1. Using only helices, what value at 222 nm comes out for the protein assembly as shown when you add -39,500 (n - 2.57) per DSSP H run of length 4 or more and divide by the total residues, to the nearest 500 deg cm²/dmol?
2. Could you work out, residue by residue across A:27-39, how many beta carbons of other chains sit within 10 Å of that residue's beta carbon, and then give the average as an integer?
3. What number, in nm² with one decimal, is the all-direction average of the projected area of the convex hull of the alpha-carbon atoms of the protein assembly as shown?
4. For each of B:215, B:225, A:190, count neighbouring Cβ atoms within 10 Å of the residue's Cβ, then give the residues from fewest to most.
5. Using Cβ contacts closer than 10 Å as the measure, can you line up B:152, A:151 from fewest to most?
6. Taking 0.36 nm per residue of sequence separation and subtracting the Cα-Cα distance, how much length would be gained by fully extending the chain between residue B:99 and residue B:147, in nm to one decimal?
7. For region B:187-248, what does the alpha-carbon gyration tensor say about shape, rounded, prolate or oblate, given a ≥ b ≥ c as the root eigenvalues, a/c under 1.5 as rounded, and a/b over b/c as prolate?
8. Given the C-alpha centroids of region A:147-168 and region A:112-129, what is the distance between them in whole angstrom?
Amino acid sequence: MRDGPANRAGKLAALALIAIWSGLPILIVVLSSFKPPREILAFPPKLLFSPTFETYRALIVRWPEFFDAVRNSLIVTTGATLLTVVATTLAGYVYARVRSRKLAASAFLMIVIRMVPPIVVTLPLFPVVNWLRLNDTHTVLILLYATFFVSLNTWIMKAFIDQIPIELEEAAIIDGAGVWQILRHVIVPLAAQGMIAASTFVLIFSWNEFLFAFIFTTTEAKTAPLILSEMVGAVDGVEWGVLFAAATLQLLPILIFVIAVQKYVIAGMTAGSLKG
Amino acid sequence: MTAMPTRVAHAIMVAPVQILLILVIGLPSLWVLWLSLHTTSFCQAPVFVGLANYATVLADPYFWHALVNTFVVVNVVVYVELIAALAMATLFASGVPFRRTMISIILAPYAVSEVVAVVIWKYMLEPDVGLISGLIALVGLPELAWTTDRWSALTLVSLLSIWLHLPFSFLILYSALLGVPKELYESAAIDGANAWHRFTRITVPILMPAILVALMFRYVFAFRLFAEVWLLTGGGPARQTEVLATYLYRHAFRYQEFGVASAIGWLMVVGTLLIAAVYLREMYKRMLTADA
């Protein structure tokens, strides 16, 4: 269907509104972080300014712990993502290839378990984590983040592995390959796209998560969002410039990542919600 | 590994996922039920109290306050998102310029953490300097007194939540809409159906399954709302803006009332399962009666 000129102008206006709503808030923060501190609070905002790294220098001097927190975030995110991808590729393979009543029942339970609000499990886990001396460690966050995504990701992996022709496996069996060899040489290379799709969700979640980090870390394992929340609530008033610098450092890498893998994000979202 | 029977190998492959789910979510959820029937605090032997914790919660006016706040915010967020997502998906399905770039921009808030979203929106509403507060002043409206007024604060919480989650609702509906055959619309256009008729008679009915799934997921996730409220208002002023999750947090980790907190926790689990009941029944039918 072709658009007339009026229709086309209407569409462009709608697109502009959508872009302002979604993009402008992010753009403001990122751009403001490169402004000299005096110009950040100017209104109307200055569109032209000579970029500086003053706010970033202030961040390094005043909040050195932010950079430790970024390191913690990197460790926790990597750990949770690897654990999830390995565990759910294995499980997704079995759910794709094996039909049994027991597996179907466990798959259904996985969907039910996905409904439990995260804050609920913190109640019994809090004393247990303390008793195991796991509080304020990377391990506890890795386990929590991974667990809250294994059910969705098993489903995504199953959806992707379902599409790999079973004949390839049968050929490998004739060649004498065992289950593990089939998994390694047939499934993993062909399910790589699914593994990327599945890993994006847990990766984004782990990088941004607040609640579990807030409850289970105190000093050593604090993640970047936690330090950011402390900066927002700093007693001596919010220093917007420093805050923008930290927010930009936390946000920009994951934003670039999401845009780079957007194809997989979309594929995973639809596989994960519509098909199960 | 040559001699491992296939069945054993399969069991080993499924084990990590199952163990994580059972140990980290399954057993703790059941344990919360047990805790909710006892009074406990740190280093104290639990004492069985029956439903006393539930009675305490249900008699607490702050609980009802938090429940009303949650109910209002969740419904506003979910339906505003749905309407916006439907409109955007319809617009995009009709063909737009810069499609790929626009989808990247729409997707962008999905990458933003709750904390950074709070930073962004707090700044935009900062009196005298923020873009939104500036616009509000320009139009001559009174400023959004979100630090002192309950409904202003909840409005801000809702806006923030919509902003963060619109990409999800949009993508679900848009990808469902891409599956609709173009011929349907073309023949409807030939029959003289106008845009509104095409939307209500073709788009909405065909999208209904996707709409229901998107709604269910958004209900379930919006119901957990914690960080936005905690970081913006902390539930204040005077506990006016608490939602269920912040109410639970306060009772567990501020007042050390784990029994009471568990009662709320279990109520949240039951509430979520009720929201998801229709979807879960559908899944149950599909998974356990169809192909097994």
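1. Values: 29 runs with 399 residues, N = 568.
For the protein assembly as shown, the value works out to -22500 deg cm²/dmol.
2. Values: counts 2, 5, 7, 0, 0, 1, 0, 0, 0, 0, 0, 0, 0.
That average works out to 1.
3. Numbers: hull surface 120.7 nm².
The Cα convex hull of the protein assembly as shown, projected and averaged over all directions, gives 30.2 nm².
4. Details: B:215 18, B:225 24, A:190 15.
Listing B:215, B:225, A:190 from fewest to most nearby Cβ atoms yields A:190, B:215, B:225.
5. Details: B:152 17, A:151 24.
Going from least to most buried by this count: B:152, A:151.
6. Working: separation 48, 0.36 × 48 = 17.28 nm, distance 3.88 nm.
Taking residue B:99 through residue B:147 to full extension adds about 13.4 nm, to one decimal.
7. Cα axes put region B:187-248 in the prolate bin.
8. Rounded to whole Å, the Cα centres lie 25 Å apart.
The numbers here are math on the coordinates, done by the rules we state, and not lab data. As the structure is a computational prediction, the values presented were derived from the model and not from experiment. As a convention, Cβ positions derive from the backbone with ideal geometry for all residues, glycine included, and neighbour counts pool all protein chains shown.
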